[in-house]
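Asker: Submitted below is the structure of interest, expressed as structure tokens.
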Amino acid sequence: MTAAIAPIIIAIASFVLRLFNLGSPKGFIFDELYYVDGAQDFLNFGVEVTGANPEFIAHPPLGKWLIAAGIAIFGDNEFGWRFATAVFGTLLILLIARLVHVLFYSPVLTALAAGLMAVDGLLLVHSRTALLDLFLTFFTLLGIYLWSRNRHWWAGFAFGLALGCKWSAIYFIAIIVLITLYRILVTHDIRETPRKIALVVTRYGLIPLTVYTLTWLGWFFSDRGWDRQSSSNPIIALVNYHKEILSFHVGLTEKHPYQSHPLGWLVMLRPTSFFYDAPSGCGNAECAREVLAIGTPFLWWIGTIAIFFVVYRWIKSLRNRTTDNAANFVVIGLVAGYLPWFALPDRTMFTFYAIIIQPFLVVAIVYCAKLMLESRLNPLLSQSIVIGVFILIFICFLYFLPLFTGQLITYEQWQNRMWFSSWI
């Protein structure tokens, strides 16, 4: 089986799982209320409104336009709301497989990466919920992949799309710019430096900014957008609007029962409950039905250990002045996707934001699997360890599948899956 065939088969199976009963639960779950409402408004008015009045929105439009595309194709229903995330959640599996193939050039490791992505509960939940974070994750990862392949113009375009989903893409752009500038200053002729720097500014500054601005076309073409009339110059009006958005995010400190500190994200200390109900019909006196945004526990716990090990290897490579592209990739994800949240200790945050870290966590596990397979251990033993770990993760995924897909189970079955009180 080639490096291409296995990920495609895995992605197809994952897409089927994402589409299965996608219209359930009925109604909005968690923050779908805001994003689906915005998508509906985009289709009807080009901007978000409340009645006849402009509506303030806290995130850029692109993710909601993608949700709107699903609604336009399949109708204004739960399946239509969630179809776009199901597609992008599947594409993310193929993208990480391609990236791992480039990093390691191993069909086995490529298939392993696709398989690990496919059995992660957090990715599955995001793929079945109309939120924005999955779009952000996909375009960000696409930008990093294109950057790593020296396709800088397209990388800038991808980062612009990521920025058009959520502002947190800016951290990845900043890291990529810093790394690129460092490489220019270290390796290029000083006479070429100004031109190279100008290219970096264009590719990772002007291009993303232009693409981002274009995601606001609905706002530009309408006179009903928030702050649209704050200036006769639409650019100034958009800047005014963005000042309000920035103020909103900085000041978002309202308490929430499922908020969590990023210190606990990697080990899923406080997952986010998107939906919970206690209906009848499970064949027992007490029933439960929940959509819990939690990563497959064994996958994330093993991944956390793998991340620490990869960081150690990265530090070692710096000391030895060697290049470890896979370790560099993992560290970029941690620095840009994880550490910035620690600078906002008072902000209301949730574990489901950790989806942006998930591809890097998977690569960390694959990195360790590679070392295991290439170790001095007996090949049969090393292969058995890698296969055994994957089987363990897969069984854990199946056990928690009812919580990922909102299946009706008995209350006792639900309680058995609440391994820690912080998960309730």
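Asker: Under 20 Å from the Cα of residue 255, which aspartates and glutamates turn up, not counting those fewer than eight places away in the same chain?
Answerer: Counting by Cα, and skipping residues close in sequence, residue 255 has these aspartates and glutamates nearby: 31, 32, 346.
Asker: Ok, one more. Within the stretch 117-202, which trypsin sites (Lys or Arg not before Pro) sit in a loop by DSSP and count at most 16 neighbouring Cβ atoms inside 10 Å?
Answerer: Passing sites in the stretch 117-202 are 149, 151, 191.
Asker: Stretch residue 170-residue 16 to full length: gain in nm at 0.36 nm per residue minus the Cα-Cα span?
Answerer: Fully extending the segment from residue 170 to residue 16 adds 52.1 nm.
Asker: Below 8 Å between Cα atoms, with a sequence gap of 6+, how large is the relative contact order for the chain in percent?
Answerer: This gives 19 percent for the chain.
Asker: Are there any helices in the chain, counted as whole DSSP H runs, that stretch 30 Å or more along their axis by Cα and score at least 0.0 on average by Kyte-Doolittle, and if so which?
Answerer: Helices meeting the criterion: 78-104, 297-319, 379-405.
Asker: Sticking with this one: So which chymotrypsin sites (Phe, Trp or Tyr not before Pro) in the stretch 32-117 pass both tests, a DSSP loop state and at most 11 other Cβ atoms within 10 Å of the Cβ?
Answerer: Qualifying residues, ordered by number: 105.
Asker: Assuming 0.36 nm per residue, please report the length gained on full extension of the stretch residue 424 to residue 202 beyond their Cα-Cα distance.
Answerer: Between residue 424 and residue 202, full extension yields an extra 75.1 nm.
Asker: May I pose another question? Under a point-charge model restricted to the Cβ atoms of Lys and Arg (+1) and Asp and Glu (-1), what is the dipole moment magnitude of the stretch 130-202 relative to its Cα centre, in debye to the nearest 20?
Answerer: In total the dipole reaches around 160 debye.
Asker: Let me ask something else about it. Summing -39500 (n - 2.57) over the DSSP H runs of n ≥ 4 in the chain and dividing by its residue number, what mean residue ellipticity at 222 nm do you reach, to the nearest 500 deg cm²/dmol?
Answerer: After summing the helix terms and dividing by residue count, I get -20000 deg cm²/dmol.
Asker: Now for a separate question. Per 0.36 nm of contour for each residue apart, how much would the distance between residue 286 and residue 247 grow if the chain were fully extended, relative to their Cα-Cα spacing?
Answerer: Length gained, residue 286 through residue 247: 9.5 nm.
Asker: Looking at the chain, which longest stretch skips every one of the GluC sites (Glu not before Pro) that is in a DSSP loop with at most 13 other Cβ atoms within 10 Å, leaving the sites themselves out?
Answerer: The answer is 1-191.
Asker: Next question, about the same structure. With the dipole of the stretch 317-421 worked out from charges on the C-beta (+1 for Lys and Arg, -1 for Asp and Glu) around the Cα centre, which of 389, 320, 359 lies farthest toward the positive end?
Answerer: Farthest towards the positive end: 320.
Asker: Moving to a separate point now. In straight Cα distance, which aspartates and glutamates are under 17 Å from residue 370, not counting same-chain residues fewer than 8 positions off?
Answerer: Once the sequence-local aspartates and glutamates are set aside, what remains near residue 370 is 324.
Asker: Give me the one-decimal Kirkwood hydrodynamic radius in Å for the chain, with the sum taken over alpha-carbon pairs.
Answerer: After inverting the pairwise mean of 1/r, the radius is 22.7 Å.
Asker: In addition: Rounded to the nearest 20 debye, what is the charge dipole size of the stretch 152-280 about its Cα centre when +1 sits on each Lys and Arg Cβ and -1 on each Asp and Glu Cβ?
Answerer: The dipole of the stretch 152-280 has a size of about 320 debye.
Throughout, read-outs are computed from the coordinates displayed, never taken from laboratory work. Everything numeric here is computed off the predicted structure, so don't read it as measured data. Counting neighbours? That spans all protein chains shown, and the Cβs are built from the backbone with ideal geometry, glycine included.
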